[in-house]
Amino acid sequence: MSQRYDPRALEAKWQARWERDGLYRTPDRSDRPKFYFLTMYPYPSGDLHIGHWYAMAPSDAAARYRRMRGYNVLFPIGFDAFGLPAENAAIKHGIHPKTWTLGNIERMRRQLRSMGAMFDWSREIVTCEPEYYRWNQWFFLKFYEAGLAYRALAPVDWCPNCNTTLAREQVVGADRRCERCDTPVVKKDLEQWFFRITKYADELLDFSGIDWPERIITMQRNWIGRSEGAEVTFTAHAPDGSQHPLVVFTTRPDTLWGATFMVLAPEHPLVPVLTAPDRRAEVEAYTYQARRQSEIDRMSTEREKTGVFLGSYATNPVNDQRIPIWIADYVLMGYGTGAIMGVPAHDQRDFEFARKYGLPVPVVIQPPGEPLLEPLAAAYEGPGRMVNSGPFDGTPVPEGIPRVIAWLEETGRGRRAVNYRLRDWLISRQRYWGTPIPIVYCQRCGTVPVPYEDLPVLLPEDVDFMPTGESPLKYHEGFRRTHCPRCQGPAERETDTMDTFVDSSWYQYRYLSPHEDRAPFDPEQVAYWCPVDQYTGGAEHAVMHLLYTRFFTKALADLGLLPFREPMLRLFNQGVILGEDGEKMSKSRGNVVDPDEQVARYGADVVRAYLMFMRPWEEGGPWSSRDIEGVARFLRRVWDLVTGPTQRLQGPWPEDEVLELRRRTHRTVRKVTEDFERFGFNTALAALMELTNHLYRVRERLVGSPAWEEALRSLILMLAPVAPHLAEELWERIGGPYSVHTQAWPTYDPELARTPEVTLVVQVDGRVRDRLTVPEDLPEAEARALALASERVRQHLDGRVVKDVVYVPGKVVNIVSEPVPAEAKG
């Protein structure tokens, strides 16, 4: 009898051995080529959930694979330790954010270690430690000196009752109320700090040097939102007789002659000036309600458009027509100039607004063919020719756009312009648990940066948390009151802290020298390891973290701190793991899968292997209690195969079966290698299962043969990245040198790995028309395509249409056709 597979005992044994031997401590230099593999670090929320495992276990398998392929692999881990949940815990449970955070980190370290991953724990970073956030402050000062950090007014969500700002998640309900006291939330303008990411807008649109998913590239392009067009100056006439320039940006200057109204953002500084006395009460009420809404709600295309007439007018510069000025919540002050021209005949949003308020809808673009008949049923936004457009009547569109822009510039009515949806990164947070911003305010000297030698500005720990959520830094006299570094007079510290995305914008560089105290990172280590070769994590970070870290890297390169301009060369986004009911996991649904429970029941290797086998990694999907049992059976079968009491045979062995086993082994190595290169863990495991099944079939006849030993060694080596503990134990039992994870990845002979070929018969309506030599495992889509592309088949399909294609794998493709209908011929 073979010894029973006991994952708990094996995993404890090998984790202790690996830790004792420092197996996963990565050398700073090596003769091997380097490979920096990074997975997004977790927020220490309390427990490692199955989503963490789904992101990290396959990443670990891929990193292990790279190591076996001969690379010096860096695979570090740390904790994104600042954030609002720690403050909420302080208010709710009376526990200090630092105590709560460090306690969670300790628990999550244990859980991460249970995964058996090859994390290099000697490089761990914890972003709430002064050793780390000191360098956030150092970067802030560098950005401030370079003009990349500045202070300006910006709106925040504000609870008047709690007298504090609110994070997005603290504003609840469709009517936007404070989660603590149910008071309606309003917008309030505060002086806040920004990073000038817009300076890099064009460079951030260049993805030529990186291999990132098209979905992420598209999301970043849309977020940056580069638009080419023109800025045009209208003249606004205030009720008091004064005149004011109103600049609009438009991508369709060819429609200027169709502008029949203007719309300003309710927050536009000219709104009070342009509002007639009899309109003021209605305008102010509308503005108050608009400022209570989120930008997402205001920009929704599904909402009915609303607005209020200011009682004033503007002059259209291209035809001197007088048009009314309105405010509407769908116009945002942060986008463009905060003012738009309404061209209702050729913009659907403007059309709906004009129809609601009875504004004129003149046509200035006629489509090819039938002319538009007024009144219009909808806006026409397609190509055509300009009409009712003065000197441009008859000009084709879109060719007319550059002509109109040139005319605007020649006549001084406007200028060519580029606009971006992207806005500068607001890094101020009116919170305690974050990096203090290293600025003091002096009545004599103004805004003064803290000297480098005085960093870090430490977060005080003796703070009192108020049930309202106000930052305790505002009331901590020992923190607020300080001296000006320039004049030594009394001064006050900035009490805002930094957005936690600052921490994650450069953490990949700190891993290289986590305890360096003279600089944020060792430039020699950065030159060796960076950029990151492979980054993995969720697609939900597309336009925040993944955009910010690109900006940070480009800014640091311009400051002479980095010799490259992109942080991560290759990016992979895993899918989302769902509850067994197919819904997002949540305690309220009762569908949460606890990884600790699964590890206790099955062992870490089974959980790892199941997460990689369940679905393609990029897709995600629901957890299945039944399917994990199947993976557990597979690993037990591998155990029994290697440790089972089979008598070794001395030969001779059946030559045909030996050759077939060698072919299957080499084909499996080729298949698994190709799958690992593209993160195709599910199909790689399926191939290992097929090889295991074949080994069971031939075990009684081939045990002890060189082909058997080669197959067993290859199976264990290929299983090592997925089930590292089991593979280590089995490798030791077959006499392999320690450790299996430092062995070379198995290679294959191309001739032995070649897929056998078969003759595929191609029929048209049941009659043989061609024979094709194809690989035995040719996918159906390729088989259909080859059959339909055959010249002989095409001859017999002349005058006929394909009705169906039937495929019998490796044998027949039958094309079912019928005559082309008579009316189709005509």
(request) Filter the range 179-217 down to residues that are under 29 Å from the mean Cα position of the chain (by Cα) and part of a strand (DSSP E or B) and give me whichever is farthest from residue 430 (Cα to Cα). (result) 211
(message) Could you check the range 319-340 and list, in sequence order, the residues that are among the hydrophobic types (A, V, I, L, M, F, W, C) and either more than 20 Å from residue 257 (Cβ to Cβ) or open to solvent by less than 20 Å² (accessible area, probe 1.4 Å) (or both)?
(response) 323, 325, 327, 328, 331, 332, 333, 339
(request) Taking only the range 158-178 into account, find how many residues are in a strand (DSSP E or B) and open to solvent by 20 Å² or more (accessible area, probe 1.4 Å). (result) 4
(message) Residues that are within 30 Å of residue 456 (Cβ to Cβ), hydroxyl-bearing (Ser, Thr, Tyr), at pLDDT 95 or above and not in a loop (DSSP other than H, G, I, E, B): does the range 218-235 have at least one?
(response) no
(message) Please determine whether any residue of the range 371-379 is assigned to a strand (DSSP E or B) and surrounded by 12 or more Cβ atoms within 10 Å (Cβ to Cβ).
(response) no
(request) Could you pull out the residue among 673, 646 that is part of a helix (DSSP H, G or I), open to solvent by less than 80 Å² (accessible area, probe 1.4 Å) and either modelled with pLDDT under 95 or of a type in the set (S, T, N, Q) (or both)? (result) 673
(message) Can you tell me how many residues within the range 351-366 are without any contact (Cβ under 8 Å) to a residue 60 or more places away in the chain and open to solvent by less than 40 Å² (accessible area, probe 1.4 Å)?
(response) 2
(request) Mind listing just one residue for me: the one in the range 281-299 that is modelled with pLDDT of 95 or more and surrounded by fewer than 14 Cβ atoms within 10 Å (Cβ to Cβ) and, of those, farthest from residue 312 (Cα to Cα)? (result) 285
(request) Return a yes/no flag: does the range 403-422 have any residue that is farther than 30 Å from residue 245 by Cβ, among the aromatic types (Phe, Trp, Tyr) and open to solvent by 50 Å² or more (accessible area, probe 1.4 Å). (result) no
(request) Residues being at negative phi and touching a helix residue (DSSP H, G or I) at 6+ places or on another chain (Cβ under 7 Å): count how many of those fall in the range 85-118. (result) 15
(request) Please work out if residue 728 is assigned to a helix (DSSP H, G or I), charged (D, E, K, R) and touching a His at 6+ places or on another chain (Cβ under 8 Å). (result) yes
(message) I'm trying to understand the selection: among the residues of the range 547-604, which are part of a helix (DSSP H, G or I), among the acidic types (Asp, Glu) and under 28 Å from residue 616 (Cβ atoms)?
(response) 596, 597
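I'd like the full set of residues that are polar (S, T, N, Q) and over 16 Å from residue 357 (Cβ atoms), limited to the range 301-318.
Across the range 301-318, the qualifying residues are 301, 315, 316.
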(message) So if I check each of 783, 822, which one is at pLDDT 90 or above, open to solvent by less than 90 Å² (accessible area, probe 1.4 Å) and not aromatic (Phe, Trp, Tyr)?
(response) 783
(message) Can you confirm whether residue 191 is of a type outside the set (Ser, Thr, Tyr), closer than 18 Å to residue 420 by Cβ and open to solvent by 50 Å² or more (accessible area, probe 1.4 Å)?
(response) no
(request) List every residue pair whose Cβ atoms sit under 9 Å apart, with the two residues 6 or more apart in sequence or on different chains, where the first one lies in the range 473-493 and is farther than 16 Å from residue 458 by Cβ and the second, anywhere, is aromatic (Phe, Trp, Tyr). (result) 484/441; 491/441; 492/441
(request) Run down 175, 189, 254 and say which single residue is among the acidic types (Asp, Glu) and either at positive phi or modelled with pLDDT of 95 or more (or both). (result) 254
(message) If I go through the range 486-503 residue by residue, how many of them are in a helix (DSSP H, G or I) and open to solvent by 10 Å² or more (accessible area, probe 1.4 Å)?
(response) 2
(message) Based on this model, can you work out whether residue 82 counts as in a loop (DSSP other than H, G, I, E, B), on the phi < 0 side of the Ramachandran plot and surrounded by 14 or more Cβ atoms within 10 Å (Cβ to Cβ)?
(response) yes
(request) Considering (1) touching a residue at least 12 places away in the same chain (Cβ under 8 Å); (2) surrounded by fewer than 18 Cβ atoms within 10 Å (Cβ to Cβ), say which one residue 26 fails and leave the rest. (result) (2)
(message) Suppose the filter is in a helix (DSSP H, G or I) and either under 24 Å from the mean Cα position of the chain (by Cα) or closer than 18 Å to residue 497 by Cβ (or both); does residue 98 pass it?
(response) yes
(request) Find the residue count for the range 252-306, including only residues that are in contact with a strand residue (DSSP E or B) (Cβ under 7 Å, 6 or more places away or on another chain), closer than 26 Å to residue 362 by Cβ and hydroxyl-bearing (Ser, Thr, Tyr). (result) 2
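The values are calculated or read from the model by the stated rules, or taken from the named source; none is laboratory data. If you're wondering where the values come from, they're calculated on a predicted model, not measured in any experiment. Virtual Cβ from ideal backbone geometry, glycine too; neighbours counted across all protein chains shown. Calculation scope for accessible area: heavy atoms of the full protein, side chains included, ligands and nucleic acids excluded. Shrake-Rupley method; radii C 1.70, N 1.55, O 1.52, S 1.80 Å.
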